[in-house]
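To keep things clear, I will list the structure first and then write my remarks on it.
The values are calculated or read from the model by the stated rules, or taken from the named source; none is laboratory data. Predicted model, so just to flag it, every value in this text is computed and none were measured. Backbone-built Cβ (ideal geometry, glycine too); neighbour counts: all protein chains shown. For the accessible areas, the whole protein counts, side chains as well, though only heavy atoms, and no ligand, DNA or RNA atoms are used. Shrake-Rupley method; radii C 1.70, N 1.55, O 1.52, S 1.80 Å.
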Amino acid sequence: MRIMKKTALILAVLSLPLASIAKDKPRQQAPAAPAAAPAVLKTVTAVRAAEPIVIDGRLTESAWQCAPCDGFIQNDPQDGSPSTEQTHVWVAYDDKALYVAAYCFDSEPQKIVSRLGRRDSQVDSDWFLFAVDPYNDKRTGYIFGINPAGSVLDRVLSNDVNQDSSWDGIWEAKTEVNGQGWILEMRIPLNQLRFPKKDDYVWGVNFQRVIKRKNETSSYAWVPKTEPAFVSKFAELRGIQGIKPGRHIELQPYVVGQAQFRPAEEGNPFETGRRGLGNAGFDLKAGLKSNLTLDATVNPDFGQVEVDPAVLNLSAYETYYSEKRPFFIEGASIFNGFGRGGLYLNAGFNWPEPTFFYSRRIGRSPQGGVTENGYVRLPDRTTILGAAKLTGKLGTWNVGFVSALTSSEFAEIDQLGSRLKQEIEPFSFYGVFRAQKDVRKGRSGYGLMATGVMRDLESETLAGILNKNAFSLAVDGWHFLDEKRNWVVGGWLGGTRVEGSREDILRLQYSSMHYFQRPDADHIEVAPDATSLSGWGGKFTLAKQNGNWLGLFSLGALSPGFNPNDMGFQYSSSDIVNLQLLPGYQWTKPGKLFQYALVAAGYGRNSDFGGNKFWELWIGLFQAQFKNFWTTEIMLAYNPSSLSKTLTRGGPMVEIPTGYEVDLSLSSDSRKPVILSGYGMIYHRPGTSLEWSANFSLRWKPSPTVTLSVGPTLGFEDNPIQWVTRVSDEAMTSTYGRRYVFGRLNQKVIATDIRLDWTFTPKLTLQAYLQPFLAVGRYEEFKELACPRSYSWNVYGENGSTIDGADGAYVVDPDGAGPAAAFAFGNPDFNYKSLRGTVVLRWEYLPGSLLYFVWTQSRADFAHPGDFELRRDLGDLFTAPGDNIFLLKVSYRWNM
């Protein structure tokens with residue numbers, strides 16, 4: 001069991017290559033002398049097209065014959081120096097669209113790196129990106145990018161530097177490679193952009209170009225690496241007049257057919273070996289006003305998304321899985337940015353990172369179980385009857401609203417031919433509202449978020465395990481303390497309230513999120529008659545995030561009753577006061593050894609509301625990019641001894657000995673056909689435990705259209721205090737009438753992630769994912785906690801106690817001939833083997849209209865618990881019966 005969660009300093013800057021544009025004339029080599037930072041704001045003038053512009057990558061229209069924009073400045077590898085290749089850019093418009101053209105001159109056009117990739121996949125190639133801020137609010141905008149092969153990406157910008165790749169606009173672009181470089185043209189319909197109606201428009205704009213063989217990124221509106229800014233430093237786009245924001249309505253119906261094949265089970269009428277399913281629904285996107293967009297979905301189906309990876313979770317907390325469903329990830333940045341406005345530095349020092357909106361709560365697997373005997377068919381997810389999402393600007397406020405209705409779900413039970421149903425998930429409403437306002441061009445801001453979940457709990461069984469209502473309300477904000485935005489303060493403050501039956505709220509108080517029953521905690525207690533639970537939380541951060549010297553100080557707290565998990569997510573318990581301090585220094589100018597380097601050192605501490613310290617950290621961190629473009633990261637951490645309030649899962653606190661951790665990662669140059677990366681970690685508590693893991697990744701690019709990656713993982717853990725169970729025994733007065741049983745866990749994990757990306761054209765792609773996963777654990781040296789707030793144990797089989805194991809169970813007599821009663825518990829050994837894979841063929845046969853063919857397979861085996869033998873276990877896995885699902889989904893986009 002590791003006491004310190006892996007920590008990294010994150011500087012959120014634009015990581016994508018933006019692009020630039022050039023004119024059809026002979027290339028000129030840029031001078032090598034360093035360029036000074038721009039003294040005045042750059043301006044780009046758009047011209048009204050005098051004739052229809054044909055998007056063919058040839059620059060024959062009159063709009064492209066005027067003087068271009070040029071003068072790009074490097075961010076990499078020589079920050080502040082002129083670009084080594086010239087780029088010319090033009091911008092034009094008409095009543096329907098915005099047009100961008102660029103000529104990317106190249107002194108060695110035969111070396112232009114051109115790779116095909118699926119949409120929004122930033123493949124290792126040359127790129128040109130166009131960024132625009134139609135509100136000119138210095139905070140938000142769009143990115144449109146294309147590479148020489150015609151692969152495209154588009155993203156939404158928020159919080160100055162954050163990017164959301166889930167948005168897919170409807171626009172077109174073409175490229176042409178010639179003897180002087182490569183040319184591109186873009187056409188972006190105005191109805192794809194949000195902006196207020198005016199007579200004369202001033203927008204923010206930037207262009208960026210990536211020359212991959214040189215690892216060079218250059219920008220028209222240059223921002224030094226020491227400044228974590230992007231949109232706020234855009235140039236001005238002027239000259240656009242007489243246009244109106246485009247309104248549009250898109251209707252996208254779909255049909256889907258699914259065939260399921262799994263091993264038949266004799267006598268089980270629900271497992272005949274095959275099953276066919278069909279479904280239909282539609283998505284609607286409508287521009288309600290120039291600044292608002294409504295997305296709605298009726299009976300959505302997300303069968304085309306990739307399966308979740310297999311994990312082994314021995315903790316008392318749930319596993320977090322990323323959202324992959326398009327309806328929920330598109331436009332999610334307004335919700336995900338709560339509490340992070342203005343803040344680009346972040347350090348995760350064992351802070352639970354509560355989120356008020358976790359969209360995977362909507363349509364989750366049913367939470368109830370069956371109480372009747374018989375063969376059972378359970379739905380694997382809750383049906384979303386309908387959902388709606390409203391995003392955009394309302395006046396000067398950025399707003400977002402999501403609401404969804406999910407149906408009641410029933411388990412179908414067969415009892416010797418007699419069928420009955422039992423409700424396992426109630427009819428429910430989910431809603432979240434977000435509003436956020438920028439002040440002084442993003443120098444300050446504030447906002448709020450509110451969520452609500454309401455369930456129709458007619459079932460008495462479900463009323464005992466689910467909250468009837470759950471609400472949260474929180475505010476956030478930030479303020480830059482100086483004109484240069486070197487220093488910023490920000491944070492959030494909010495509260496939660498859940499309501500339910502007495503049985504449900506009692507269950508909640510005893511759950512791992514709260515542990516109100518802790519016998520040695522004086523500041524909390526169980527309220528057996530309560531029908532609601534409330535709490536508050538917040539976090540304050542002060543950061544210096546410009547310049548070479550960086551710094552971060554934060555103070556966060558979650559009260560014992562804080563619980564956002566009905567609509568949000570929190571990975572560990574509340575009742576926490578968290579302190580973080582992390583100063584650092586970065587070198588952004590290339591030196592003799594490093595292209596870039598950062599060093600930081602810090603301190604972190606957690607305590608509960610009773611003043612008990614239950615985690616502490618001293619950390620050192622080094623990150624660097626070498627001159628050969630390899631990158632490395634080294635982390636050293638020291639955890640002084642502290643108490644654990646969760647190890648006994650509601651019991652007394654336990655002392656945790658001192659621990660040390662070393663992390664090392666190394667990645668090779670991404671320009672090469674073969675890219676290698678590795679990561680290793682070792683955590684050691686001298687005299688008690690040892691844990692290590694290693695990951696190696698190989699990414700091979702055998703051709704411009706194919707990428708294959710393989711990433712094996714090895715892990716080992718020797719943990720002497722892995723939780724097993726607890727047993728009531730009034731004679732055990734030293735631990736408050738209960739025995740808290742642990743064992744020494746010897747665990748081995750072997751897994752591999754295998755991915756294949758094959759891009760036939762930018763609109764026709766094949767993706768395959770396969771993950772074999774093996775985790776084997778053997779328990780021994782069973783023991784019980786001898787004394788609270790200590791690392792003192794009574795080992796079974798010693799000092800007169802006995803332990804016998806047979807028939808899958810252990811029988812323990814804790815004091816031999818003494819008065820204590822014997823007890824038993826099951827053998828916790830495990831041997832979990834899993835194979836999960838997905839193959840997805842995606843064809844965008846018309847703009848916005850998609851066809852998916854999906855094959856998903858999963859298989860698992862649990863034989864030989866506690867006994868690891870690689871060859872045998874792999875054989876068991878690959879010969880285990882498999883579940884196969886074949887899916888065909890077709891959608892069609894109508895632009896009304």
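Annotations for the structure displayed:
- Computed from point charges on the beta carbon alone (+1 for Lys and Arg, -1 for Asp and Glu), the dipole magnitude for the range 627-744 about its Cα centre is near 380 Debye.
- Tail beyond 36 Å, pair distance distribution of the chain (Cα, percent): 55 percent
- For the listed residue pairs LYS138/LYS212; LYS589/LYS701; LYS437/LYS763; LYS627/LYS701; LYS285/LYS393, the alpha carbons are over 26 angstrom apart in LYS138/LYS212; LYS589/LYS701; LYS437/LYS763.
- Karplus-derived 3J(HN,Hα), 6.51/-1.76/1.60, for each residue of the range 534-544, Hz, glycine and proline x: 10, x, 9, x, x, 8, 10, 9, 10, 9, 10
- Mean accessible surface per residue for the range 510-565, computed with a 1.4 Å probe while every protein chain stays in place, in Å²: 38 Å²
- Amide hydrogen proximity for GLU271: with H placed 1.01 Å from N in the peptide plane, the residues at 5 or more positions away or on another chain lying under 5 Å are GLU265.
- Dimensions of the range 699-738 based on its C-alpha atoms, expressed as ranges along the principal axes with the largest first, amount to 71, 18, 10 Å.
- Largest first, the three principal axis extents of the alpha carbons in the range 73-136 are 39, 31, 20 Å in whole numbers.
- Calculated P(r) tail over 22 Å for the range 731-814, as whole % of Cα pairs: 54 percent
- Each of TRP587, PHE614, TRP536 was scored by the projection of its Cα onto the charge dipole of the range 491-621, and the greatest displacement toward the positive side belongs to TRP587; charges sit on the C-beta of Lys, Arg, Asp and Glu.
- Computed in the context of the full set of protein chains, the accessible area of the chain at 1.4 Å probe radius has 57% of its extent on carbon or sulfur.
- The range 233-241 - phi-based ³J(HN,Hα) in whole Hz, Karplus 6.51/-1.76/1.60, Gly and Pro as x: 10, 4, 6, 9, 9, 10, x, 7, 9
- Angle between the chain longest axis and helix 870-879 axis [Cα atoms, degrees, rounded to 10]: 80 degrees
- Computed from backbone phi, the HN-Hα couplings of the range 606-614 come to 10, 9, 9, 6, x, x, 7, 6, 10 Hz, rounded to whole numbers (Karplus: 6.51 cos²θ - 1.76 cosθ + 1.60, θ = phi - 60°; Gly and Pro given as x).
- Per-residue surface analysis assigns ARG789 an accessible area of about 110 Å², computed on protein heavy atoms at 1.4 Å probe radius.
- Residue order for ILE362, ILE682, ILE803 - accessible surface, 1.4 angstrom probe, largest first: ILE682, ILE803, ILE362
- Calculated P(r) of the range 367-500 - Cα pairs past 21 Å, %: 59 percent
- Averaged over its residues, the range 302-409 has an accessible area of 41 Å² per residue, based on protein heavy atoms and a 1.4 Å probe.
- A cut-off of 5 Å between modelled amide H atoms, ignoring neighbours fewer than 5 places along the same chain, links SER81 with ALA35, GLN74.
- Accessible area of the range 772-896 divided out per residue, in Å², using a probe of 1.4 angstrom: 49 Å²
- Summarised in one figure, the compactness ratio Rg/Rh of the range 677-808, Cα atoms and Kirkwood Rh, is 1.24.
- Charge dipole of the chain about the Cα centre (unit charges at C-beta), most positive-ward option of THR646, ALA822, TRP492: TRP492
- Of the Cα atoms belonging to the range 450-499, the radius of gyration and Dmax stand at 19.0, 60 Å.
- Per residue Cα convex hull volume in Å³ - calculated over the range 88-188: 108 Å³
- In the range 491-642, the alpha-carbon atoms span a convex hull of 131 Å³ per residue.
- Computed [θ] at 222 nm, helices only, for the chain once each DSSP H run of length n ≥ 4 contributes -39500 (n - 2.57): -1000 deg cm²/dmol
- Amide H contacts under 5 Å for ARG649, placed H, 5+ residues apart: none
- Largest-first principal axis extents, alpha carbons of the range 776-875, Å: 79, 36, 21
- Signed unit charges on C-beta, dipole axis of the range 744-851, positive-most listed residue LEU745, ASN831, SER792: ASN831
- In summary, the range 130-233 shows an alpha-carbon radius of gyration equal to 1.14 times the 2.2 N^0.38 Å reference for compact globular proteins.
- At q = 0.12 Å⁻¹ the log10 of I(q)/I(0) for the range 573-689 amounts to -0.61, computed by Debye summation with a single uniform scatterer per C-alpha, solvent ignored.
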